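Notes for the one structure printed next.
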Amino acid sequence: MKEMTCAACPKGCKLRVDSDLYEVSVSGNECAVGRDYAVGEYTNPVRTATFNVRVRGGSAAVVSAITARPISLVKILPASRLLKKLYVDAPIKEGQVLFSSLLGEKIIATSSVGKVEKYE
C-alpha cells in the first residue's frame, strides 16, 4: 500500500493506493480525477523537468530548458547526465528545440540567448 496527496485538484485528498496482480485500487479520493491521478502516480509517475544547458558563444553561459512533455521519473536522471555534456551554439530563441532523442523526448529552450561577437 502507498499513501499520497492528490495534486489533481485544490482539495489535496489523502489517497491510499493498493494493488494486487491484476488491479490497482484507490481510496480517499473525493473526485473522479483523483483516482486517475493516483493510478498514474502509482504505475508510471511522470514530471516536467527543467534543466540548464551550456551555451557556446552566447551572451549568457547557460540557457534554461524544459522537457516538451512530462517524462517518466526514471528518465530524468539519465537526461540530466546527458544534458550536462551538451553545448548549444548561440543564438538561441525561446521555444527552440535544443535536443531531441531517438525516443521522441525533446528539450526546449525557455529563454533566448544572443550571440556575442568576438573582437580581437
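Assorted remarks:
- Some residue of segment 50-67 being aliphatic (A, V, I, L, M), surrounded by 14 or more Cβ atoms within 10 Å (Cβ to Cβ) and outside any strand (DSSP E or B): yes
- Summed over segment 77-107, residues that are among the β-branched types (Val, Ile, Thr) and open to solvent by 40 Å² or more (accessible area, probe 1.4 Å) total 1.
Every residue, every condition in (1) of a type in the set (Ser, Thr, Tyr); (2) at pLDDT below 90; (3) farther than 23 Å from residue 44 by Cα, yes or no:
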{"position": "70", "(1), (2), (3)": "no, no, no"}
{"position": "74", "(1), (2), (3)": "no, no, no"}
{"position": "77", "(1), (2), (3)": "no, no, no"}
{"position": "99", "(1), (2), (3)": "no, no, yes"}
{"position": "111", "(1), (2), (3)": "yes, no, yes"}
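- When the residues of segment 1-13 are filtered to those that are within 22 Å of residue 72 (Cα to Cα) and either in contact (Cβ under 8 Å) with a residue 12 or more places away in the chain or small (Gly, Ala, Ser) (or both), the one that is most open to solvent (accessible area, probe 1.4 Å) is 1.
- Any chance residue 16 is assigned to a strand (DSSP E or B), free of Cβ contacts under 8 Å to residues at least 24 places away in the same chain and not assigned by TED's automatic domain parsing to the domain that holds residue 85: yes
- In segment 10-27 there is no residue that is among the aromatic types (Phe, Trp, Tyr) and touching a strand residue (DSSP E or B) at 6+ places or on another chain (Cβ under 7 Å).
- Flag if residue 42 is at pLDDT below 95, of a type in the set (Ser, Thr, Tyr) and not in a loop (DSSP other than H, G, I, E, B): yes
- Filter pass, residue 33 being surrounded by 13 or more Cβ atoms within 10 Å (Cβ to Cβ) and in contact with a strand residue (DSSP E or B) (Cβ under 7 Å, 6 or more places away or on another chain): no
The values are calculated or read from the model by the stated rules, or taken from the named source; none is laboratory data. The shown structure was predicted, so the numbers you read here are calculated from the model rather than taken from an experiment. Reconstructed Cβ throughout: ideal geometry from the backbone, glycine too, with neighbour counts over all protein chains shown. When the accessible area is computed, the model is the full protein with side chains, heavy atoms only, and any ligands, DNA or RNA have been set aside. Shrake-Rupley method; radii C 1.70, N 1.55, O 1.52, S 1.80 Å.
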